[in-house]
Amino acid sequence: MTVEDIIDFSSFELDARLTRILLRNNITKPTLIQEKAIPLALAGKDLLAKAKTGSGKTLAYLLPILQRLLTVSKAGVRTLILVPTKELARQVAETTTSYLHYAPKELCCLNLAGEESLQLQKSMLAVHPSVLISTPSRLLPHLDSKALLLDSLDFFVVDEADLVLSFGYTQDLERIVQEFLPKTVQTFLMSATLTGEMEKLKSLVMRNPVILKLQEAEEEDQNLLQQYVIRCEQEDKFILMYVVLKLKLLKGKLLVFANDVERCFRLKLFLEQFGIKTCLLNPELPLQSRHHIVDEFNRGVYDIIIASDTESSAVVPKKGKKHGKTDKEGGVARGVDFRHVDVVVNFDLPQRVDSYVHRVGRTARGGNTGTALSFVSSTCDETILRAIGADQEQRGSQIIPHEFDLKQIDGFRYRCSDALRAVTKVAIHTARLQAAKDEIVKSEKLKTFFEERPKDLGLLRHDNSSGVIKARPHLKHVPEYLLASEDADKRAKLDPLPQAERNPKQQKSRRGKSFIKKRRDPLKSIKKK
């Protein structure tokens, strides 16, 4: 069987139990990375694969591994999958468990990156799971205590390997490979970018690997992504966010990125004064709450998430006692399975080129088009923007400057400036403490009561107003005198019904491929100079 012969998953001659799960999930045709990687993995080759997030890398390594586990019986831990974040660990664990649905009971999966204590995990390891999923820092204590032995390991996977290395896990990985890993293990390194550290890891753990650089799929998806940049002052960022959200100039599901947790709260507190509901997603939230927010966003419960994809310090009041705790293994830009994201907004431009790639990679997936909008407001931003622009040109894409007359938003400036002044450091600090306490309570409920009553999960919302700033009902409505009549007509044509009044079936079709490909430039509603 050659790669050219493969048309669908039946060409791989997989175990009938795996094929059954694929059909149940309506997966019939492999993605490019799956088409290239699975035959090589089944042949026993080590793989170093570069493909963008969302291209199907998980099944590309998971199906060959499960094929071996189902057809060759052997006791002990046989597969180790290392990931950079708890969110990605959970997703890989859920996928693995679902594909072991028809497998014998002795084949099971264990996620060590959860919030269970190390002592509890030791007892869980006593059942000798076939597949272990973990972050490097959660794995090493079990290896050092000899509660876990890898003598029977057949497969070693590092998913999002470049991010694992950039998170500072290089020394941990070297220890795991040199001290605990068998020499004959088959290795898969999956990544969205190839760095110098990746070359070092490759030489350390791999034997004559096959290297797959799948630019074709990336370029195809890049053509579906429209990228814009708007140059403005810092305060104008908030005004522009108000305008594009309140006037529905950007439609669909939005993922808004800020560079730290404080900026996330500042934007949320600003927008909620105008009746615009948003969810926050950052490493300070409990793991269960983060999972619940992402799941409900994917189901369409929320339309706007404000996220921080960088580590942030905990909230520290004047007395110095920490009231909030940052999860250093919590990640948002990569790994997290956001679905049907229509627009990614870089409220703050990321300070690394690869961070930009991973952020905008949350949209324009699965053959759908998407929009990326970035705000640039400083000399430092201009420097990184040039590097990002050069990188995008190499990928066959470009970032289009969207210049328009800022005088058109002057009518909104007074009320927005007034709302922004209300978002003081004390208000942000109070909101962070309150959010941490509220989410801890919700997280406990999610782990107990709602596990038995999944239908009641909708009762827990994460986009409620914080109540830190006094509500001003008059700000929820846009006065007619601020809107030109022709703009009102345009909005009526673009959005004949408010988002909440749409039929769910109609709303789903708006996110479908046929609708999205016909949509117009979402920023054309703002007149150019």
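The values are calculated or read from the model by the stated rules, or taken from the named source; none is laboratory data. These figures come from a predicted structure and were not determined experimentally. So basically every Cβ, Gly included, is an ideal-geometry build from the backbone, and we count neighbours across all protein chains shown.
Take the residues in the range 182-205 that are outside any helix (DSSP H, G or I) and out of contact with any strand residue (DSSP E or B) (no Cβ under 6 Å at 6 or more places or on another chain), then tell me which one is surrounded by the fewest Cβ atoms within 10 Å (Cβ to Cβ).
The qualifying residue surrounded by the fewest Cβ atoms within 10 Å (Cβ to Cβ) is Lys183.
Among Asp162, Asp144, which is the only one that is touching a strand residue (DSSP E or B) at 6+ places or on another chain (Cβ under 8 Å) and of a type in the set (Asp, Glu)?
Asp162
So, Ser73, is that one more than 17 Å from Val164 (Cα to Cα), at pLDDT below 90 and assigned by TED's automatic domain parsing to the domain that holds Met190 or not?
Here the answer is yes, as Ser73 does meet what is asked.
Take the conditions assigned to a helix (DSSP H, G or I) and out of contact with any His (no Cβ under 6 Å at 6 or more places or on another chain) and apply them to Ser152. Does it pass?
So Ser152 fails the test.
Sort out which residues of the range 59-95 are surrounded by 24 or more Cβ atoms within 10 Å (Cβ to Cβ), hydroxyl-bearing (Ser, Thr, Tyr) and assigned to a helix (DSSP H, G or I), and write them in order of number.
Tyr61
Looking at Leu181, Leu249, Leu150, Leu204, which one is among the aliphatic types (A, V, I, L, M) and closer than 30 Å to Asp303 by Cα?
The unique qualifying residue is Leu249.
I'd like the full set of residues that are among the small types (Gly, Ala, Ser) and assigned to a helix (DSSP H, G or I), limited to the range 354-380.
Of everything in the range 354-380, just one residue is among the small types (Gly, Ala, Ser) and assigned to a helix (DSSP H, G or I), namely Ser355.
Among (1) without any contact (Cβ under 8 Å) to a residue 24 or more places away in the chain; (2) part of a helix (DSSP H, G or I), where does Lys146 come up short?
(2)
Based on what the data block shows, is Arg20 over 25 Å from the mean Cα position of the chain (by Cα), under 29 Å from Leu194 (Cβ atoms) and either at pLDDT 95 or above or not assigned by TED's automatic domain parsing to the domain that holds Pro283 (or both)?
no
In the range 411-434, how many residues are within 13 Å of Glu262 (Cβ to Cβ), touching a Leu at 6+ places or on another chain (Cβ under 8 Å) and surrounded by fewer than 19 Cβ atoms within 10 Å (Cβ to Cβ)?
Final tally of qualifying residues: 1.
Can you tell me which residue in the range 142-181 is modelled with the highest pLDDT, limited to those that are of a type in the set (Asp, Glu) and crowded, with 17+ Cβ neighbours inside 10 Å?
Asp154
Can you tell me which residue within the range 96-105, out of those that are of a type outside the set (Val, Ile, Thr) and surrounded by fewer than 20 Cβ atoms within 10 Å (Cβ to Cβ), is modelled with the highest pLDDT?
Selected residue: Ser98.
Kindly indicate whether any position in the range 257-276 is more than 25 Å from Ala60 (Cβ to Cβ), surrounded by fewer than 18 Cβ atoms within 10 Å (Cβ to Cβ), in contact with a helix residue (DSSP H, G or I) (Cβ under 6 Å, 6 or more places away or on another chain) and small (Gly, Ala, Ser).
Looking through the range 257-276, at least one residue is more than 25 Å from Ala60 (Cβ to Cβ), surrounded by fewer than 18 Cβ atoms within 10 Å (Cβ to Cβ), in contact with a helix residue (DSSP H, G or I) (Cβ under 6 Å, 6 or more places away or on another chain) and small (Gly, Ala, Ser).
For the range 435-448, does any single residue satisfy the condition of being in the same structural domain as Val344 (by TED's automatic domain parsing), at pLDDT 85 or above, within 20 Å of Ala258 (Cα to Cα) and exposed (fewer than 12 other Cβ atoms within 10 Å of the Cβ)?
No, the range 435-448 has no match at all.
Report yes if Asp463 is in the same structural domain as Arg299 (by TED's automatic domain parsing), at pLDDT 65 or above and within 22 Å of Asn298 (Cα to Cα), otherwise no.
yes
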